[in-house]
1. How long is the gain from Arg288 to Tyr39 if the chain were fully straight, where each residue apart is worth 0.36 nm and the alpha carbon distance is subtracted?
2. Share of antiparallel DSSP beta bridges in the stretch 198-346, in percent to the nearest 5?
3. Which residue, Ser164, Ser182, Ser150, has the most motion in a Gaussian network model of the chain that connects Cα atoms within less than 10 Å?
4. If you look for lysine pairs in the stretch 135-270 that are eight or more places apart or on different chains, how many of them have Cα atoms under 25 Å apart?
5. Using modelled amide H (1.01 Å from N, peptide plane; none on Pro or chain starts), what sits under 5 Å from the amide H of Tyr214, excluding residues fewer than 5 places away?
6. Quick one: among Leu224, Leu139, Leu302, which has the greatest mean-square fluctuation in a GNM of the chain with alpha-carbon springs under 10 angstrom?
7. Please report the net charge: other residues with Cβ closer than 15 Å to the Cβ of Val336, K and R +1, D and E -1.
8. Amide H neighbours of Val180 under 5 Å, at least 5 residues apart or on other chains, H built in the peptide plane: list them.
Amino acid sequence: MERNIIITGGAGFIGSHVVRLFVKKYPQYRIINVDKLTYAGNLENLADIEKEPNYVFEKADITDKTAIEAVFEKYKVDGVIHLAAESHVDRSITNPNEFIFTNVIGTATLLNAAVKFWKDNMQGKLFYHISTDEVYGSLDDGGFFTETTSYDPRSPYSASKASSDHLVRAYNNTYKLPVVVSNCSNNYGPNQFPEKLIPLAFNNIKNSKPIPVYGKGENIRDWLYVIDHASAIDTIFHKGKVGDTYNIGGNNEWTNIDLIRLLCKIMDQKLNRPSGESEKLITFVKDRAGHDLRYAIDSSKLQQELAWAPSVTFETGLEKTVEWYLQNSQWLNNIVSGTYEKYYEQQYNSR
Ligand code: NAD
Ligand code: TYD
């Protein structure tokens, strides 16, 4: 194999799209999916590629030094694309320690392993850390996040991601570890766990249940189709400048309420409901604690220096997403009922 690349969190939402892209596009690379399979990790996401000869799955916790070093040793790893994380803001408010442990200690454990195994020859190695725009805080007074915006994380989730970003850059400075970092806006698309806004609202609309909109629904997010995030990760992994940071986003800001109204409109059409029917399900609920008002990414550096651009408009991406969830109702039902957690046992423990 030309390269041996660990993708952490490959059984999750974004990670599974990155694994699929790399496994299919680069048959000359061995792709090692390292995932603990928390509630958010679902190997069904990768059922279509799990038999490919250049794909392997290693069930491991990124905070487990022994397990991580064993993977580095076994596969002579020369690249890491690090996505494993606790990723849901609401969960970070009720259980911050889990986020600090996974996102900070887990990242440090991976960095330490990379330094240990690569220190004698850093040539051709790369540690690519995937982060979020939420580290920059909330844009209450207009403007956009650029790569030089000061960090101002305001939730336990974003604070833990900011800590991990700092560690990655510190290892680059101190140990000369070749790193690259990207900070992306909100993702949507197939395989997103139905605790996040769009799949949660989809599931509730489909089942004619109330759609919970936090506060007045005026918070703004900048949405990017997950396939476009995966293509940006591919571009940055191969063409990004070592030591640099790239912001990823689609210039696509929506207030939550406008987004939900658009989703309701698409769902009315797809489910043959009278126009306006799904909107009646919108229910304003108590706001999230410390709810950031607005995120918006300036991705011109990535677009100009590395010639990346998003491939779909939001309207097209959202429609594709709705179609995917409608066609894959079993995937969603397995999650809602909890049976997806048995997939690993059936597929892997019996071998
Ligand atoms: P996700 O919650 O869907 O998936 C996370 C994956 O990490 C799961 O497969 C889970 O099993 C795995 N994982 C968690 N803890 C682990 C541990 N200790 N050891 C090994 N594996 C572990 O997350 P996602 O939405 O796909 O996000 C992936 C990455 O992208 C995260 O780092 C997140 O911060 C970042 N990100 C997400 C978004 C977004 O909108 N979802 C936007 C920007 C950046
Ligand atoms: P979310 O998908 O949790 O992503 P993030 O908090 O990382 O941006 O939420 C997106 C937006 O939707 C955010 O402003 C919170 C809001 N939201 C709701 O209004 N209702 C919900 O049920 C959820 C999960 C989120």
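The values are calculated or read from the model by the stated rules, or taken from the named source; none is laboratory data. The model shown is predicted, which means the values in this text are computed figures rather than measured ones. Cβ sites come from the backbone with ideal geometry, for glycine too, and all protein chains shown count toward neighbours. Please note that ligands, DNA and RNA were not included when accessible areas were found on the heavy atoms of the full protein model with its side chains. Shrake-Rupley method; radii C 1.70, N 1.55, O 1.52, S 1.80 Å.
1. Contour length minus the Cα-Cα distance gives 87.5 nm.
2. Of those bridges, close to 40 percent are antiparallel.
3. Largest GNM mean-square fluctuation: Ser150.
4. For the stretch 135-270, the number of qualifying lysine pairs is 17.
5. Correct list: Val285.
6. Largest GNM mean-square fluctuation: Leu139.
7. +1
8. Residues meeting the criterion, in which the H sits 1.01 Å from N, are Phe127, Tyr128, His129, Gly243.
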